Structure formats: C-alpha cells, structure tokens
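The values are calculated or read from the model by the stated rules, or taken from the named source; none is laboratory data. Source: prediction; values computed, not measured. Here the Cβ positions follow ideal geometry from the backbone for every residue, glycine too, while neighbour counts run over all protein chains shown.
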Amino acid sequence: MGPLIKLILLNVITYLILKFVVPNIPGSAPLPASLMFLYLLLVTAGFLILATVSAESKEEFWGPIQRFLTGESIGGLQALRYLVLILFPLLVGWQTYNSTAVSDAPPGENRTIHPAPPGEYAGLSNPVPKTPDTIQQGKGFYAAFCSPCHGGNFDGKGSAARGFNPPPANFADPTTIAMLQESYLFWRIKKGGVGLPIEGMPWKSAMPRWELELPDEWIWKIIMGEYDGAHQSPRTWE
Amino acid sequence: MIRGLSRIVSNVVVAACLAIGFLIVQPAGAEEKPKASAPAEEETQASSSVSAPLVKGTLPADDPTAAVWSSAPMATFPMSPQVHWPTRNLEATVKDMIVRGLHDGTNVAILLEYADPTEDPDDAAAIQFMVGDKKAHFAHGQPMAQVEGGPVNIWYWKNKDGKGVDMNAKGFGTLKIQDHQDVKAKGAYANGRWKVVFSRPLDTGHPEEDTQITTAGFINIGFAAWDGKKDPSSGELKEKGSQKAVSSWWYFRAEAPPDYTGYYYAAIAVVLALGFQFVLIRKLKKGQSA
C-alpha cells in the first residue's frame, strides 16, 4: 500500500471515529466541524513528518504525487491531472465565497430564566396557614387570574399563551417552581415581568404586575394552590 | 548528510505549503453554519424575524395587494390577547399575523395580513418598534423596575380613518400622537382577511421619537390588531384600547443591497490557489531534474 493511500485511509478512519464513535461515548457530545478539521489536520501533519524523515520514505510518499503532477506520458492520468488542477482552485474559491456569506440569523438571545430576586424577598415564608380550605381558595384565584396563560392544568398551555415569547412557565415541569422557594414565586407574581432584572429580559415578559390588582394574601394562596395543583413542592433548605 | 538535511527542510516547506493550502480550503467548510432552526412542536409556524428585501421597481407603499409582495419572504407570528395590563381581554380574534417587508433604499413598506371574519369600521392594526438603544417593554413600553426603558414608536391604522398615525408611548396611558407624521397606511379587506400596508421613510430625522431603519442589522418589532366588531345587543366594541391581540417582540431588518465582496474574495482565493499550484509544480519539476 502506498503512503498516500495510507494517509487517506488514516484520515477517513479518524473522521469516522470522530463523527460516529466519539459522540456515543457516555458524557460526550457531537464534535464541532472546526474541531474535527483540526484533528484531521494534526493527523495529516504528523503523517507528513513521518513520511519525510528519510530520503527513502520521502521518495515513497512524494514520488507518486510528483509523477502524477509533473510526470510525462502518464496516459489516462493526464486528463485527471488537469481536472485536479482546475478543480482545486475552484473549490478554494467556492469555500471562500461561502465563508464570507452574511448570516441571515437574528441575534441570539441568552435569557436567564430564574434570575436572583431582590434581597428583601429572600427567606419570606408563606404567612397563610396551609389548610385544604386555603389551598382551594388559591386554586380558585389561580383559575381566575393565572390559568388563561399558565393553563388550567398548570402546564403553561393556557388559551392566551400562544403569542408570548418567552412562553408562560409550565409549573408541572420539575425545573420551574419545584426548584424555587415560595418567596421567589411571591416576588415574581407581585412584581411581574417588568420586575425582572436585566438578565431576565423584562421587556419581553407578559406577566402582569399583580401587586396592582391582588392583595398579598391572595398571592400567597395562589402560590399554595399552584404547588398543589401542579403536584410539586417548594424548595426548602433542609 | 547536509544534502539529506536540505531535502528534509525542503520537504517540510512543501508540507507546510500543503497545510496552508488545506487551511485556505477548509475553514469555510469547517465553520458552523447556523442551521435553519427546526421549529418546536407547539409552534410549527412561528418565525422570529421579518426580512425586507430591496425592491428594484416601485415600492408598493400604498398597495396592499400589489403583485410584488409575493417576492417578499413571509413571516408568521402567533398572537395573544393583551393580558399584561387591565383592561385585559382573555380572547382575541386575530390568532396569527403574517408579515412581509420591502424597501427601496429610501422608504420601507410593511404588509400585515390576518384573518378577521367581519369587516368593521373600527378594525385596526398597529406595528410597534423600540426607539434608540434603550430596551422598551413590549406592552407599550411599560416602565420596568430594574431596567431603564425607552419609548416605543407605534404605527397605527384604523379602517374608518384610512390613514397611518405615527405615535409614541412609554407605558399604558401615555400614548401620544407625534407632531410630525411620517407613516402612511392603507388597508384592503377581501375573503375574510385584512391586508394592511404601512410605509415610512427609512430615516425620518427624528431619532428621539421614530425608530430609524438601516440596513445594518436587526431591530425589534411587535404587532397588534383590534377586531372592531360591535356586540349586536350592547353596541360595545369587541376589542378596543388595551383589549386587542398582541405579539411579543420579534426582529425586523431591511436587507442590504447585494454585496459582491464575497466574489472578490473568492477570486483572490482562486488566484492564490493557482499560484500555489504553479509554485508546487515548478518545485517538483526542479526536484526531478536535479
């Protein structure tokens, strides 16, 4: 087997491993194309160093390339040579053109979903006693004020939810209220979307500022109704 | 020995040239292209931006049914009833807003299209933008507790008035009609659908009040629609004021004129690659004769 074939084979095998084997290793992820290219370049560079350490190995490696590119009377390969010499610059040009094409994608957004609440809300505890009665009242308030967006099933799929980005929170999802304390919900309901800090992108949130419409006691009851209805428990520090 | 060494050196040089050649070829291919984002299941039809191409002929600034609109890419945005502020409504007629944009380098025209079962004198539609660099809340630029917000610029059209109105707001209840009116609007109703075209100069010379549209990048845009149907018994309008269908903030951009620099760079790359081939073959030929 000629060294050139070896180099090509080595690159193909490396590529296949990087593309199909590495992502399947537990804890791994698909490699970005730029990283894969870097690995293939290293393989090629290493191979070239090995292939050129002695005059013999150098001749073995370069000889066929040299003959293909400059040799006389190589028969049918002559046409292939011209094809390569024409295609290579065209490929370079095409790739360059592609890399300068302007991106059509709007700016990416990195919104923090649960930013830190203002200090005065940390550690507040629900002053309303938790009884079947108060929970039921909370569910009633929830149905009236919250369910149009957050959904009768606490899943964020209320009839008014469709146009909003970010979408209303899904309380049944274990990464929402189950990760938060009651005091956090109290802050978010009271101050609404416009109360978020800048990393929460308050200008995008439709959440009303309920302190203007509901007494605190109702908000605390809504929080109890929400946890109960969504089958979640508030996060505690125990 | 020295001869051998010089050969190695020359080989390394050739190898380096090859590697550079590779580098010229590859980075483009290796770069991650932003993939056409696969729409999430629940929002199969949602877009995130409106891209307004440059038209060669006349801008259909007052013609919502012009044929040239079909050349503009279509973006669809889901709508919700306005719930952020009382008086809210929990159901709105307009469920989706289809938006197209065009510009001619001087003026921009934006076409809104939506389903509304009845044509009523009080049917209305609006487009909203942020003004300047400050972020503005999507509900009329409502004040935000921890962020200093800016105003919004609202382009408003109502069927019975048949014109565009250029306004500003910084919170509900602060809507103000501008002294200088730059916006034109015209609606056409057919087959249960409204088509409303808004137009304005890209640059109005009033950056404090009007959003200035350049071809440089994306700006924020939002939409609203009112179903002006009257309740047959009470005579009350179904939707008015803050009772309306609204969208969230999305993106808009006026596309830059075609940019040919990509072709120049490609041509330079082709010349470099040809030069590389020429040098390589010369070097190989010399090697042979030596």
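Condition check ((1) in contact with a Lys or Arg (Cβ under 7 Å, 6 or more places away or on another chain); (2) touching a residue at least 24 places away in the same chain (Cβ under 8 Å); (3) part of a loop (DSSP other than H, G, I, E, B)) across all residues:
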| residue | (1), (2), (3) |
| --- | --- |
| B:156 | no, yes, no |
| B:161 | no, no, yes |
| B:207 | no, yes, yes |
| B:210 | no, yes, yes |
| B:213 | no, yes, yes |
| B:221 | no, yes, no |
| B:225 | yes, yes, no |
(message) Filter the stretch A:49-81 down to the residues that are touching a residue at least 60 places away in the same chain (Cβ under 8 Å) and either of a type in the set (S, T, N, Q) or part of a loop (DSSP other than H, G, I, E, B) (or both) and list them by number.
(response) none
(request) Could you grab me the full set of residues in the stretch B:195-237 that are under 21 Å from residue B:175 (Cα atoms) and either touching a Cys at 6+ places or on another chain (Cβ under 7 Å) or basic (Lys, Arg) (or both)? (result) B:200
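Can you say whether residue A:178 is at pLDDT below 95, away from every other protein chain (no Cβ under 14 Å) and crowded, with 16+ Cβ neighbours inside 10 Å, as far as the supplied structure shows?
Working: at pLDDT below 95: yes; away from every other protein chain (no Cβ under 14 Å): yes; crowded, with 16+ Cβ neighbours inside 10 Å: yes.
In short, yes.
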(request) Filter the stretch B:78-108 down to residues that are among the basic types (Lys, Arg) and within 21 Å of the chain's Cα centre (by Cα) and give me whichever is farthest from the other protein chains (Cβ to nearest Cβ). (result) B:100
(request) Scan the stretch B:204-255 for residues that are more than 24 Å from residue A:206 (Cα to Cα) and of a type in the set (Val, Ile, Thr) and jot them down. (result) B:204, B:213, B:214, B:215
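Filter the stretch B:236-277 down to residues that are of a type outside the set (Val, Ile, Thr), assigned to a strand (DSSP E or B) and out of contact with any Lys or Arg (no Cβ under 7 Å at 6 or more places or on another chain) and give me whichever is surrounded by the fewest Cβ atoms within 10 Å (Cβ to Cβ).
Within the stretch B:236-277, the match that is surrounded by the fewest Cβ atoms within 10 Å (Cβ to Cβ) is B:251.
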